[in-house]
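For reference, the structure is listed below as structure tokens.
No lab work stands behind these numbers, since they all come straight from the coordinates. Being a predicted model, the structure only gives us computed values, none of them experimental. No Cβ is skipped: glycine too gets one built from the backbone with ideal geometry, and neighbour counts run over all protein chains shown.
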Amino acid sequence: MILFQDVRLISFNPPGVSEPLDLAAGETILEIGKNLAAKYPKAESAGSGGYLSPGLVCSHTHLYSALARGIQVAIEPSKDFAQILDHLWWRLDRAIDLPILEASALALGAEALFCGVTSLVDHHAGPSAIDGSLSVLRQAYECLGIRGLLCYETTDRNGPSGAKAGVAENLRFAREVDSLRASGGKPLVEAAIGGHAGFTVGQETLEALADAVKATGRGIHIHVAEDKYDAVDSRHRYGLDLVDRLDRLGALTDKGIIGHGLWLTPSEIETMNARDAFLAHNARSNMNNAVGYNAALPSHRNVVLGTDGMGADMLEEFKFAVFRHREAQGPWWPGDFLACLDRGNRLLERYFAKDMAQGGAFGVLEPGNPVDLVHWDYDPPTPLEGSNLAGHLAFGVSSRVVKSVAVAGKMRIKDRSPLFDLEEIQAQARVQARRLWNNMEGR
């Protein structure tokens, strides 16, 4: 049991900041009120003062990219997005083995916790080590004590056997999670069904992914129209937009996650909204890859925010989303993007509903709800209230003021100190990064 004392509680939706209160928690939030220490004398003191908020959700990332930071590999210059994939990322994912994968996940997962991110939605690729890869990732999540969703991004680009292995890994892992829950466990990690992108997934493989969605009750997690080429390719080869192909196969559901979606048509957006699917917006990655700007964000019902593997700092991602939208003269303000940041919790609810009390909600600091919390050591130079919370997040608060983090009721960072072996994680990451870079040569 943990106890936060004299903290101001932050609500993201609707935006709000409370008077100083205490919060007592076990597996769920037990009570919020005044002077709770006397009522819970055995509770671990988790911190006092400052602000307490729900944990942040990264709704689309690639943990395998963690060891690409500062990469020392000869990368041929790229003139477009397709060449960036071919020259860098597809070489990198072919070079991943299970020790490299584990080190990547631990390194970026640890970084996420220090940024106040309590849930990571990963989209994994590693065609040289597919079988069991999602279990390696789950073990890394469990080691760190971080929540999330996992899938393998199935693709045809490595041949039919690779595509079948990708589908099989998604199915195997979903069964693993089902088995854990059937035995009475409450998993920190859930399963989605992953596909890489429309232009690398043929019709037979897409049908297999649709069958996996139906068989497991999970959602599809796939890149769609990240670059204009992806949209054009689907129309050229199949005479249909990719969202329409997914929908006709029954693969687009309210658990579906569409990554990027810069070049979706208005009719595709309408279909996504009708199916209540999520669009994962990744502002920094889109800028870095020069694929364009998603001016249609306000047309989507369920926009969530991700990093696409560019670190794990969701406050930084939130700021970039705000500023890039303002540069594009879009109509949204910081409060609209705060709603996107919060909406990652709705995504979690659709996957973890079986583990929650009826009526429970992620991202809401009320009794009975999950204990994914961030304690912020923020001393604002101006008044901080619900009406200007989004402005403080856009122009003031940063991950450097994260003091403590709890996930599923357990402290993971306390007073800026990790409750896991960060030194060993970083040391192993450096070793495996060298191995990864060496493996990439000649691929």
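Using alpha carbons only, how many angstrom separate the centre of region 393-429 from the centre of region 34-103? Answer, in whole Å: 12. Working from label points 7 Å from Cα in the Cα-to-Cβ sense, the Val431 to Lys214 distance is 4.7 nm. Translational diffusion of region 348-443 was estimated from the Stokes-Einstein equation, with Rh taken as the Kirkwood radius over Cα pairs; at 4 °C and 1.567 mPa s the coefficient is 76 µm²/s.
About the Cα centre, and with charges only on the beta carbon of Lys, Arg (+1) and Asp, Glu (-1), how big is the dipole of region 1-132? Nearest 20 debye, please.
300 debye
The angle between the Cα long axis of helix 160-182 and the longest principal axis of the Cα atoms of the chain comes to about 30 degrees, rounded to the nearest 10. Computed from Cα atoms alone, the Kirkwood hydrodynamic radius reported for region 173-300 is 15.2 Å. A Förster distance of 30 Å, applied to the separation of the beta-carbon atoms of Arg235 and Arg172, puts the FRET efficiency at 0.35. What lysines sit close enough to Lys228 to cross-link, taking a C-alpha to C-alpha distance under 17 Å and skipping anything fewer than 8 places away on the same chain? By straight Cα distance, Lys228 reaches Lys79. Taking the 0 to 90 degree range and rounding to the nearest ten, how far is the long axis of helix 334-352 tilted relative to the main principal axis of the chain, both from C-alpha atoms? Approximately 80 degrees, to the nearest ten.
Listed by chain and number, the lysines placed with their C-alpha closer than 20 angstrom to that of Lys255 are Lys186, Lys214, Lys354; residues fewer than eight positions away on the same chain are left out.
Principal axis analysis of the Cα atoms in region 56-354 yields extents of 50, 45, 42 Å, listed in decreasing size.
For region 156-203, a Kirkwood hydrodynamic radius built from all Cα pairs, placed in the Stokes-Einstein relation at 20 °C and 1.002 mPa s, yields a translational diffusion coefficient of 177 µm²/s.
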